[in-house]
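Asker: Submitted below is the structure of interest, expressed as structure tokens.
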Amino acid sequence: MSVWVWIWAYAILLSIVSPEQLKYLWGDAINDPLVLSPDGNPYPWELSAEVAAGQLRQARSFGRRGGTNELLSPSETREILLRTLKFQEDGLPPQLIFEENNSSRGQGRWKRRVDDSEGDVNGTMMSTNNNSLNNEHNGCAPSRLCQSTYNTTAPLFGMSLTSGKPITIVQKFPDLLQQVVFQVCKSSDCDVIQGECVQTFIPYLFLVLPLGPVSITGQDYVLVESGCTCQPRYSKKYLNPPLPFIQPIN
């Protein structure tokens, strides 16, 4: 079965809606494989497959020496990313999330918690439950002041944090699919208090082309939307916000 058949079959199976346009990422190996780079070039699937094959050979060689680990499918990886974000937002201890991810791939009590929780695991982080104050908080202000949406993506292109130039993110379905979870602001105004919702970012490490300068395997950093925070209206604001920023390093 060809790579293209795998790509379209997987997209239909998951019924994934194409992610919102992100600031420093373009395309999606599952949902938007034909996107052009910021420079107008198509994705180099053959070259990416060659680089991915080399990485996979090294990984398998290491696995034979140290014990072979089962490779997670793209759908399992996506589920873990979304579930972990949901539980983190719910304030669960990271150790409990790690234990569950390592034990039963998200089945059991954690999966039931997701199914029973407010909202779904592929959608919206609400600032309040059902748009009203939750009774269990006794009418107190909600923990989130800005609404946000979240999903996963397997980006094809990004903007290098170290060089400020467009780079190609290595993707090979299904063996080396570099997925990330992103979280973007859904509203511009804060709830409960007067203020502005501000997008936050976090650097993610990707295997890229041309090979990046961050590690010997050719990785580089790209900023990914990581959440939405409330900036009170009368608080001190930065004249030049520290993020997002990308400045070439000479």
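Asker: I need a count of the residues in segment 212-230 that are under 17 Å from K165 (Cβ atoms) and either without any contact (Cβ under 8 Å) to a residue 40 or more places away in the chain or of a type in the set (G, A, S) (or both).
Answerer: Within segment 212-230, residues that are under 17 Å from K165 (Cβ atoms) and either without any contact (Cβ under 8 Å) to a residue 40 or more places away in the chain or of a type in the set (G, A, S) (or both) number 3.
Asker: Here's a check for you: in segment 199-217, which residue that is open to solvent by less than 50 Å² (accessible area, probe 1.4 Å) and modelled with pLDDT of 90 or more is farthest from A52 (Cα to Cα)?
Answerer: Q199
Asker: Hey, among the residues in segment 126-175 that are of a type in the set (G, A, S) and open to solvent by 20 Å² or more (accessible area, probe 1.4 Å), which one's modelled with the lowest pLDDT?
Answerer: Applying the filter and picking the extreme gives S132.
Asker: Please report, ordered by residue number, the helices (runs of 4 or more DSSP H) entirely within segment 1-105 with at least 2 residues that are at pLDDT below 75, under 23 Å from Q219 (Cβ atoms) and open to solvent by less than 80 Å² (accessible area, probe 1.4 Å).
Answerer: 45-66
The values are calculated or read from the model by the stated rules, or taken from the named source; none is laboratory data. Quick caveat: nothing in here was measured; it's all calculated off a predicted structure. Backbone-built Cβ (ideal geometry, glycine too); neighbour counts: all protein chains shown. With ligands, DNA and RNA removed, areas are computed over all heavy atoms of the protein, side chains included. Shrake-Rupley method; radii C 1.70, N 1.55, O 1.52, S 1.80 Å.
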